[in-house]
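Beneath this line is the structure, given in structure tokens, with notes to follow.
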Amino acid sequence: MKKFLAVCLSAALAASMLVGCGGKNEKVTAKVIDIDLTNEEYAFGVDKEQPELLDEVNDFIASIKEDGTLDEICNKYFSDGEPEAVKSAKLDTTKDQLVIATNAAFEPFEYTKGEDYYGIDMEIASLLAEKLGKELVIQNMDFDAVSQQKCDIAMAGLTINEEREKYVTFTDSYYSASQRLIVPSNDTAFDDCKSADDVAAKLAELKESDKIGVQQGTTGQYYVE
């Protein structure tokens, strides 16, 4: 999958994500520093005790890449397509269900509107459940807990890394992404940066009183640390 999106880590102030007043006539918003700080691969995390499911999911990923389905789903969120609602059944151990763990706070990969789920991962989950002939159950939880829960598959824009491999077996990658820095629109500290090393050097100059916002358990946190 071609890199369409730089997944941004919030830096310097959470308040800058909202429009505010910086001066008499100055509106302070947020701006992205257009430099990739990481290169990462997203995959799904399959229950280690289900190797047959891993094979089925890898075959499914290969097929939706090859026939253009994955591109069609991505275009719903990055272009002019129309996102589709995905509904979750209630967990019932007497039924043949596909149980997906996610953190539905990572638009455009997974998010909610009312009781419905939306996002790239959620639409893939819906198609996968249909392909497997199973009823789809989505369990929404904190991101830190996603890969550690007892479920069939973790789908939450998961970056492949060794820590998560303790809990799940990763599928083949389906998406390439990166981390970028967000700062207030009136912050010029990073304007002259040309590379990831330049950004890292600027970050190293921050004082203890400076604050960097990240989502716990994500690549953004790992990068900053």
Worksheet item: Kirkwood hydrodynamic radius of region 23-77 from all distinct Cα pairs, in Å?
Response: 15.4 Å
Discussion item. At R0 = 35 Å, how high is the FRET efficiency between K194 and K113 if r is their beta carbon distance? Nearest 0.05 is fine.
Written reply: 0.30
Fill in: Cut-off of 10 Å, at most 16 other beta carbons, DSSP loop: longest stretch of the chain lacking such chymotrypsin sites (Phe, Trp or Tyr not before Pro)
5-166
Worksheet item: Carbon and sulfur together cover what percent of the accessible area of the chain at a 1.4 Å probe radius?
Response: 46 percent
Response to the item:
Checked region 105-163 with the C-alpha gyration tensor, a ≥ b ≥ c its square-rooted eigenvalues, rounded below a/c of 1.5, otherwise prolate if a/b is larger than b/c and oblate if not; verdict oblate
Practice prompt. Please work out whether region 36-164 counts as rounded, prolate or oblate from its C-alpha gyration tensor, where a ≥ b ≥ c are the square roots of the eigenvalues and a/c under 1.5 means rounded, while otherwise a/b larger than b/c means prolate and anything else oblate?
Written response: rounded
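So what is the calculated 222 nm ellipticity per residue for the chain, using -39500 (n - 2.57) for each DSSP H run with n of 4 or more, over all residues, to the nearest 500 deg cm²/dmol?
Only helices count here, giving -7500 deg cm²/dmol.
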Discussion item. Checking the table K87/K131; K65/K131; K31/K113 against a 18 Å threshold on Cα-Cα, which pairs fail?
Written reply: K31/K113
Worksheet entry | Kirkwood-Stokes translational diffusion coefficient of region 164-219, alpha-carbon pairs, 37 °C, 0.692 mPa s, µm²/s | 227 µm²/s
Fill in: Diffusion coefficient, µm² s⁻¹, Stokes-Einstein with Kirkwood Rh over alpha-carbon pairs of region 119-225 at 37 °C and 0.692 mPa s
195 µm²/s
Item to complete: Please identify the longest segment of the chain free of exposed trypsin sites (Lys or Arg not before Pro), where exposed means a DSSP state other than H, G, I, E or B and no more than 14 other Cβ atoms within 10 Å.
Response: 96-149
Worksheet item: In region 75-176, which GluC sites (Glu not before Pro) fall in coil by DSSP and have 10 or fewer other Cβ atoms within 10 Å?
Response: E115, E162, E163
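Quick check for you: with a 1.4 Å probe and neighbouring chains kept, what is the accessible area per residue of the chain, in Å²?
Working: 12370 Å² over 225 residues.
Roughly 55 Å² per residue, with all protein chains present.
The values are calculated or read from the model by the stated rules, or taken from the named source; none is laboratory data. Remember, it's a predicted structure, so these values are computed and weren't measured experimentally. For neighbour counting, all protein chains shown are included, and Cβ atoms are generated from backbone atoms with ideal geometry for every residue, glycine included. Side chains are part of the model used for accessible areas, which takes the heavy atoms of the whole protein and leaves out ligands, DNA and RNA. Shrake-Rupley method; radii C 1.70, N 1.55, O 1.52, S 1.80 Å.
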